[in-house]
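Take a look at this one; I'll ask things after.
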Amino acid sequence: MELDELYREAILDHARHPRNFGDLEGCDRSAAAKNVSCGDAVRLSLRISRENRIEEIRFCGSGCAISTASASLLTLAVRGKSVEEALQLVESVQRLLTGASAPQDKLSGDLAALAGVRRFPQRVSCAMLSWHALEDALRTGETNSA
């Protein structure tokens, strides 16, 4: 039960006080995603360094507590990572949320809070929304040239 409480607290904290929320001036890439079944929407904006690392990332949009918290957690988790590392993290989160990996293969830090979502299959799309946007931004997202 303590683990459930930790998950709930981390999700609620990030939903109530999202980190890195707002527009990013001078972004290199951006992508948006919308969950048509519930109306949640998110837009990620990223600045990629010359070393191909995520230098800065922000999100905006509206949605439920799960989608907002997941986007907030995502921004903290990928800042400073290489594009390849971030794409690997997208895959890890998706495997965890869909049950393709064992619960003990959980993610580290506050990202571990997302593991609690896997018990509610109808909410997995909410948790994955920003991660899909990140993947789009890194693979095929709008590229803004300076």
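No value in this document is a laboratory result; all are computed from the given coordinates. Worth saying up front: this structure is predicted, and the values here are computed from it rather than measured. Note that each Cβ is placed from the backbone with ideal geometry, even for glycine, and that neighbours are counted across all protein chains shown.
Under 5 Å between amide H atoms, partner at least 5 residues away or on a different chain: which partners does residue 40 have, H built in plane at 1.01 Å?
35
Which Rg and Dmax, in Å, describe the Cα atoms of segment 2-143?
Radius of gyration, then largest Cα-Cα span, for segment 2-143: 14.0, 43 Å.
As I understand it, the value is the acute angle between the Cα axis of helix 65-78 and the longest principal axis of the Cα atoms of the chain; what does it come to in degrees, rounded to 10?
60
For helix 83-98, what angle does its Cα long axis make with the longest principal axis of the chain, in degrees from 0 to 90 and rounded to 10?
Taking Cα atoms only, the helix is inclined about 30 degrees.
Now for a separate question. Any chance you could run the full-extension gain for residue 37 through residue 98? It's 0.36 nm times the residue separation minus the Cα-Cα distance, nm to one decimal.
Between residue 37 and residue 98, full extension yields an extra 20.2 nm.
A follow-up question, please. So who's got an amide H within less than 5 Å of the one on residue 48, skipping anything under 5 residues away but keeping other chains? H placed 1.01 Å off N, in plane.
28, 29, 55
Give me the dipole magnitude in Debye, nearest 20, for the chain about the Cα centre, with unit charges on the beta carbon: positive for Lys and Arg, negative for Asp and Glu.
200
Taking the 0 to 90 degree range and rounding to the nearest ten, how far is the long axis of helix 124-139 tilted relative to the main principal axis of the chain, both from C-alpha atoms?
Around 20 degrees separate the two axes.
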